[in-house]
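Student: For reference, the structure I am asking about is given below.
Since every read-out is calculated from the coordinates, none of them should be taken as a lab result. Remember, predicted model here, so these are calculated numbers, not experimental data. Neighbour counts are summed over all protein chains in view; Cβ atoms, including those assigned to glycine, are modelled from backbone coordinates with ideal geometry.
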Amino acid sequence: MVVQLFLARLRAGCSAKPTWRDLWCSIIAIVVYAFVTLCFARRSGLLDVMLVDSAPSIPFARMLLMSLRTFVAPALAEEALWRAMLMPHPRVERWLSWRLSSWNWGVQIVASNMCYVISHVGIGVLLSRFGRSGAAVLFVDWRFLFCAAWLGALCSALYYNSGGCVWVPALVHATVVVIWLTRFEGEHFLSGGAIGGR
């Protein structure tokens with residue numbers, strides 16, 4: 001019964017189509033996320049911010065492959081699990097939707113987001129076993145987990161705002177991760193490079 005509910009939510013989330021309004025909200029969310037996260041990361045010492053001009057040039061084919069890979073995992077995989085499957089969907093739970101107050105949605109977002117953040121600790125250990133030695137250290141750093149929690153909350157809000165379209169938070173999630181990997185030393189950290197402020 002529970003598995004059927006999760007799969008029904010996932011199907012509904014994947015079949016929902018983003019609107020132009022959703023895309024505009026995504027762009028605004030990326031800008032807001034970038035501003036808040038960069039301010040936090042600079043003050044906390046998490047990131048030694050690389051200027052775009054000083055970041056190494058990445059060939060187009062490699063950037064495209066990285067973007068596609070990042071969209072599938074972690075972005076779409078995590079959003080499908082932590083948003084689409086765990087949060088109520090208005091088409092699946094029509095009988096619930098009128099009862100779900102903003103407070104109840106808030107509880108759903110917080111619970112889903114806590115699981116999402118905690119999962120990064122295990123993901124870090126798993127990635128370190130597959131050659132990403134820095135992931136085990138980075139993914140338990142409270143500053144990284146704060147940034148992950150902020151991204152998760154934003155993605156949950158976008159999922160809710162879009163009426164349960166999983167593609168909207170997945171696009172934002174992937175964009176943030178690709179920018180972090182290519183412009184803000186994400187690859188360096190995952191490969192075992194020193195984390196700022198340590």
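Student: I need to check one value: relative contact order of the chain, counting alpha carbon pairs closer than 8 Å and at least 6 residues apart, in percent.
Tutor: 39 percent
Student: If you take every residue apart from Val176 with its C-beta less than 13 Å away from the C-beta of Val176, what net charge results, scoring Lys and Arg +1 and Asp and Glu -1?
Tutor: Neighbourhood net charge equals -1.
Student: Follow-up. How would you rank 147-156, 16-25, highest first, on the average number of other Cβ atoms within 10 Å across their residues?
Tutor: Averaged packing, sorted descending, gives the order 147-156, 16-25.
Student: In a Gaussian network model over the chain where Cα atoms closer than 10 Å are linked, find which of Arg129, Arg91, Arg143 has the largest mean-square fluctuation.
Tutor: In this elastic network of the chain, the residue with the biggest mean-square fluctuation among Arg129, Arg91, Arg143 is Arg129.
Student: Taking K and R as +1 and D and E as -1, what net charge do the other residues with C-beta under 11 Å from the C-beta of Leu151 add up to? Provide the component values of the computation, followed by the final result.
Tutor: Working: positive: none; negative: Glu78, Glu79.
Net charge in that neighbourhood comes out at -2.
Student: Sticking with this structure for a sec: Could you rank the peptides 163-172, 28-37 by their average count of other C-beta atoms within 10 Å per residue, with the highest value first?
Tutor: Final packing ranking: 163-172, 28-37.
Student: Report, to the nearest 10°, how far helix 142-161 tilts away from the longest principal axis of the Cα atoms in the chain, using its own Cα long axis and a range of 0 to 90°.
Tutor: 30 degrees
Student: Stretched out fully, how many nm does the piece from Cys39 to Met1 gain, at 0.36 nm a residue minus the Cα gap?
Tutor: That works out to 9.2 nm of additional length.
Student: Which angle between 0 and 90 degrees, to the nearest 10, do you get for helix 167-183 versus the longest principal axis of the chain when only C-alpha atoms count?
Tutor: Taking the Cα atoms of the chain, the angle to 167-183 is about 0 degrees.
Student: Here is a further query. Relative to the longest principal axis of the chain, what angle (0 to 90°, nearest 10) does the C-alpha long axis of helix 102-129 take?
Tutor: Here the helix axis deviates by roughly 40 degrees.
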